[in-house]
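Participant: Got a structure for you, questions after.
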Amino acid sequence: MRTGIIGTGRIGTVLARILVAAGHQVVLAGARGPQTLGPLVAELGPAASA
């Protein structure tokens, strides 16, 4: 399943980690733009994008 998460605060980040660990793909969006999500996307691995 591919899931989009709007907001990468505490809840969004934890949800993304849970979904990636379960084998899902996630697309993250934040108010400050995709360039600020680089470290989180790198941590989550190839199943995540911004």
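The values are calculated or read from the model by the stated rules, or taken from the named source; none is laboratory data. Just so it is clear, the structure is predicted and the values come from calculations on it, not from any experiment. Surface areas here come from the heavy atoms of the whole protein model, side chains and all, with no ligands, DNA or RNA. Shrake-Rupley method; radii C 1.70, N 1.55, O 1.52, S 1.80 Å.
Participant: In the list GLY45, GLY23, GLY9, which residue meets the criterion of being modelled with pLDDT under 95 and not basic (Lys, Arg)?
Facilitator: Working: GLY45 fails: modelled with pLDDT under 95; GLY23 fails: modelled with pLDDT under 95.
After applying the criteria, what remains is GLY9.
Participant: How many residues are in a strand (DSSP E or B) and open to solvent by less than 30 Å² (accessible area, probe 1.4 Å) when one looks only at the chain?
Facilitator: The first filter runs over the chain and keeps only residues in a strand (DSSP E or B), leaving 2-6, 25-29, 48-49.
Keeping just the survivors that are open to solvent by less than 30 Å² (accessible area, probe 1.4 Å) gives 5, 26, 28, 48.
Qualifying residue count for the region: 4.
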